Every structure is written in structure tokens, then in C-alpha cells.
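A short worksheet on the structure shown next.
The values are calculated or read from the model by the stated rules, or taken from the named source; none is laboratory data. The model shown is predicted, which means the values in this text are computed figures rather than measured ones. For neighbour counting, all protein chains shown are included, and Cβ atoms are generated from backbone atoms with ideal geometry for every residue, glycine included.
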Amino acid sequence: MIKKYLLAPGPTMVPEEVLLEMAKPIIHHRTSEFSNIFANVREKLKPVFGTKNDCLLLSGSGTAAMEAAVVNCFSSGDKVIVVNAGKFGKRWVEICKSYGLEVVSIDLEWGRSVKPEQVEAALIANPDAKGVFIQASETSTTAYHPIKEIGNLIKLFDSKLFIVDGITSVGVVETKMDEWGIDILVTGSQKAFMLPPGLSIIALSDKAWSFVEKSNLPKYYLSLKKERKSQSDNTTAYTPAVSLIIGLNKVLDTMMNEGLENVYGRHELCALATREAVKALGFELLAKDIPSNAATGFYLPENIDGGKFVKFLREKMGVTFAGGQDHLKGKIVRISHLGYHDIFDTLTAISALELGLKYFGYNFEVGVGVKAAEEVIFKYKVSKL
Ligand SMILES: *Cc1c(COP(=O)(O)O)cnc(C)c1O
């Protein structure tokens with residue numbers, strides 16, 4: 001038998017009680033039974049988003065909500081600034097360009113976090129820019145961007161929106177949409193929300209809704225105006241992802257029972273333990289400035305092929321990590337801390353990493369990574385019990 005551990009930054013493991021909830025016979029969506037669940041979900045999402053605004057649920061993976069942000073709030077020819085520091089920053093650039101927006105891209109080396117001054121300089125150089133797009137956590141590089149500080153810069157302008165891809169930060173770290181001046185916040189189901197893929201969530205500030213009125217880009221399935229009207233009546237414009245929404249209701253209860261502070265603390269602890277383990281094994285972290293608590297990425301020794309390494313762990317040992325994307329393919333490994341993930345998942349991850357490294361001939365003292373991780377976990381958790 002090979003027991004499976006899904007430790008990649010999406011999709012992530014789904015708790016048993018959520019799987020069981022979603023396994024119940026399907027219900028019809030135009031019923032009070034569904035509307036009650038839907039209303040509950042929409043309310044329970046607000047503290048996780050840090051907002052009083054409507055959280056709209058869309059059927060489609062996270063990218064659907066990213067595209068919805070662009071097509072609902074902008075017009076062809078609009079100039080926008082994009083922080084492009086990895087695969088997902090590049091996705092903002094691609095979506096914006098697909099719809100004829102003029103993109104000013106702040107290109108960063110993969111692994112770097114943008115400095116608020118770099119965004120400030122771009123705002124000064126482009127006074128006509130209508131928005132700034134960014135990831136909170138750039139999952140491809142495991143770096144976090146200083147969202148709160150950048151939000152403070154942009155909220156001074158009525159003419160500009162701050163659009164944040166929170167797909168691996170909402171539910172991972174505190175994200176205060178309203179207080180931090182985030183105008184559009186998007187996330188997806190299969191990362192911190194510990195659900196299967198297929199659902200995305202988007203919230204807009206009043207400022208962003210005023211942009212919706214002016215937007216001339218084509219949209220039909222992703223029309224947020226239409227969704228807002230339906231969802232304020234606790235239904236959806238089209239057939240919703242019923243099972244995922246029922247699962248999300250359960251997930252949000254689980255998160256509220258644990259307490260959001262504890263959810264964030266758990267991610268922080270697992271991330272810290274993994275970073276210490278990786279450093280103890282002699283590896284360099286990919287995130288140079290502010291590492292994300294969603295996942296930890298690091299460079300493998302040059303003589304180990306990352307593709308083969310990840311495949312070996314997945315197929316022979318049942319442990320799924322993620323490799324690198326684009327030019328980092330084969331060079332790095334990324335270990336997730338997202339969602340239904342606790343200290344023993346972290347220790348499993350480090351232990352599997354060590355066994356794989358030993359198999360691939362890396363020269364190190366077996367156990368140093370696990371020891372470093374356990375020391376962090378003992379110091380910040382076990383000793384306090
Ligand atoms: C996973 C991810 C996405 C893409 O979401 P899909 O669900 O694959 O469409 C976008 N941004 C970030 C930061 C992600 O981690």
C-alpha cells in the first residue's frame with residue numbers, strides 16, 4: 001500500500017467531514033434549502049476576506065475570478081500596472097493584454113517581493129493608470145508581496161483600483177480587504193479552502209463597483225453585475241457548483257471553530273518549520289525577501305533533476321510536492337502548507353524530502369531537516385501546551 005499525501009500548493013487535501021458532506025445526494029439549486037446554505041456561505045466568507053462587501057461565488061477555477069476582475073472593471077485601451085514576479089503575475093499581464101488593456105509591467109526576478117517604492121514610482125510615472133494588479137502570495141515563487149503597504153498608496157486615488165489575487169493568501173494570512181484598500185480580491189476553492197477545484201470567489205469595493213458601470217469589455221458568463229443581482233437574492237445567475245458550495249459551508253464552519261487567528265498561526269508554524277528544515281539541509285530558499293506562508297520553494301542541488309525527484313516521491317512514496325514552472329522547471333521543489341495541513345503533514349513532508357534526497361545521492365546527515373522542523377514545532381507549539 002502507498003498512502004497518499006497531497007502536499008502541493010493546490011489542489012490540497014480535503015478533510016473527511018467535508019468529503020462526506022459533499023457526498024450527500026445532490027439538491028436542486030432553486031430551492032430554499034440551497035438558498036439558506038448559500039446565504040450562510042456568503043456571510044461566513046466576509047471575515048475571511050476582511051470585508052463588508054458582497055463575496056460573489058463563481059463556477060470556475062481561480063483564473064475565472066481573475067478574468068472577471070479584468071472584464072468587469074476595465075475598458076479597452078485602459079492603462080494598468082501589473083506586478084509581474086512569477087507565473088501568476090504573468091497571468092495578470094496575459095489576461096489584461098487579451099482584452100486590449102495597455103500593461104505597464106513591473107518585472108521582478110522570480111523570488112523577489114515588490115517594494116512599495118517600486119509601485120509608487122510606477123504610479124508617479126503613469127498618472128493615467130487605472131489600476132494596479134498583484135498577487136498577495138505568488139505561488140510559483142513562494143514569495144509574498146507587501147499588500148497592506150501598497151494598498152495604503154493606492155487608496156489615496158479615486159481613479160485607480162487595487163486588484164489582488166489572494167488565491168494562496170486568503171485563509172492563509174490575515175487579509176483585510178476593506179482596511180488595506182483592496183478594491184478587488186479573488187480566491188479559489190482548491191488552495192486554503194481545502195476543497196476540490198472548480199469554485200472561485202470575488203469581492204469588489206464600492207469604488208470597484210463604480211468602475212463596473214463604465215467598463216466596455218465583453219462579458220456574459222462572468223458578468224458580475226448580473227451575479228450581484230442574483231446573489232443578493234441568495235441564488236446565482238446560472239447553475240452554481242452546488243456540491244462545492246455545500247462543502248465550502250462546512251469548511252467555513254471548520255475555520256470559524258478553529259478561529260481565524262489559529263488558522264493563520266498554523267500556516268505560519270508549518271511554513272517556519274519547513275523553512276528551517278530546508279535551510280538545515282543546506283538549500284537556498286527561492287523567496288528572497290518575504291517568504292509566503294502558503295508554500296516553501298527551494299533550489300535542489302544541480303545534479304538532481306527536479307522533475308524526476310518530484311515524480312519519484314509521488315509515484316514511489318505517495319508524497320506529492322510541486323516542482324518549478326517555466327524557467328524554474330526541474331530546478332526547484334515547492335512544499336505546500338495550505339489548508340487541511342498540520343504539523344505532522346509538515347514532518348511527513350520533510351521526512352519524505354530527506355528520504356528522496358538520500359535516494360538521489362545527496363550528501364547530508366539524515367535527520368537534520370526533521371530535527372530542525374521539530375525544534376521549531378516544539379518551541380512554538382508543543383512547549384506551550
Ligand atoms: C493556483 C493559483 C492561481 C490559478 O488558479 P486556478 O485555480 O488554477 O485557475 C492563480 N493565482 C495564484 C496565486 C494561484 O496560486
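Please state which one of VAL93, VAL83 is within 16 Å of the ligand (Cβ to nearest atom), under 17 Å from the mean Cα position of the chain (by Cα) and farther than 30 Å from ASN234 by Cα. Of the residues listed, the single one that is within 16 Å of the ligand (Cβ to nearest atom), under 17 Å from the mean Cα position of the chain (by Cα) and farther than 30 Å from ASN234 by Cα is VAL83. Which residue is surrounded by the fewest Cβ atoms within 10 Å (Cβ to Cβ), if the candidates are limited to region 332-349 and must be farther than 14 Å from LEU313 by Cα and of a type in the set (D, E, K, R)? The selected residue is ASP342.
Of the residues THR51, THR63, which single one is among the hydroxyl-bearing types (Ser, Thr, Tyr) and within 13 Å of the ligand (Cβ to nearest atom)? After applying the criteria, what remains is THR63. Here is a list: GLU43, GLU33. Which entry is away from the ligand (no atom under 16 Å from the Cβ), under 17 Å from THR254 (Cβ atoms) and without any contact (Cβ under 8 Å) to a residue 12 or more places away in the chain? Unique residue meeting the criteria: GLU43. Does at least one position in region 74-87 carry a residue that is touching a helix residue (DSSP H, G or I) at 6+ places or on another chain (Cβ under 9 Å), surrounded by fewer than 23 Cβ atoms within 10 Å (Cβ to Cβ) and within 23 Å of MET194 (Cα to Cα)? Within region 74-87, one or more residues are touching a helix residue (DSSP H, G or I) at 6+ places or on another chain (Cβ under 9 Å), surrounded by fewer than 23 Cβ atoms within 10 Å (Cβ to Cβ) and within 23 Å of MET194 (Cα to Cα).
Looking at region 186-196, is at least one residue more than 29 Å from ALA23 (Cα to Cα) and at pLDDT 95 or above? No: region 186-196 contains no residue that is more than 29 Å from ALA23 (Cα to Cα) and at pLDDT 95 or above. Every listed requirement among (1) within 10 Å of the ligand (Cβ to nearest atom); (2) more than 12 Å from the chain's Cα centre (by Cα); (3) surrounded by 24 or more Cβ atoms within 10 Å (Cβ to Cβ); (4) not aromatic (Phe, Trp, Tyr) is met by MET177 save one, (1).
Residues in region 190-232 that are part of a loop (DSSP other than H, G, I, E, B) and either of a type in the set (Phe, Trp, Tyr) or more than 30 Å from ASP158 (Cβ to Cβ) (or both): GLN190, LYS191, ALA192, PHE193, MET194, LEU195, PRO196, PRO197, GLY198, TYR220, TYR221. For the structure I just gave you, tell me whether LYS148 is more than 11 Å from the ligand (Cβ to nearest atom) and either assigned to a strand (DSSP E or B) or closer than 18 Å to PHE193 by Cα (or both). When the stated conditions are applied, LYS148 does not pass them. For region 190-198, state whether one or more residues are more than 23 Å from the chain's Cα centre (by Cα) and either within 16 Å of the ligand (Cβ to nearest atom) or in contact (Cβ under 8 Å) with a residue 60 or more places away in the chain (or both). No: zero hits.
Yes/no matrix, rows are residues, columns are (1) assigned to a helix (DSSP H, G or I); (2) closer than 25 Å to LYS46 by Cβ; (3) in the same structural domain as LEU355 (by TED's automatic domain parsing):
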{"position": "LEU248", "(1), (2), (3)": "yes, yes, no"}
{"position": "LEU252", "(1), (2), (3)": "yes, yes, no"}
{"position": "GLY265", "(1), (2), (3)": "yes, yes, yes"}
{"position": "THR274", "(1), (2), (3)": "yes, no, yes"}
{"position": "ALA277", "(1), (2), (3)": "yes, no, yes"}
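Filtered by the rule that a residue be away from the ligand (no atom under 13 Å from the Cβ) and of a type in the set (A, V, I, L, M, F, W, C), region 151-172 gives LEU153, ILE154, LEU156, PHE157, LEU161, PHE162.
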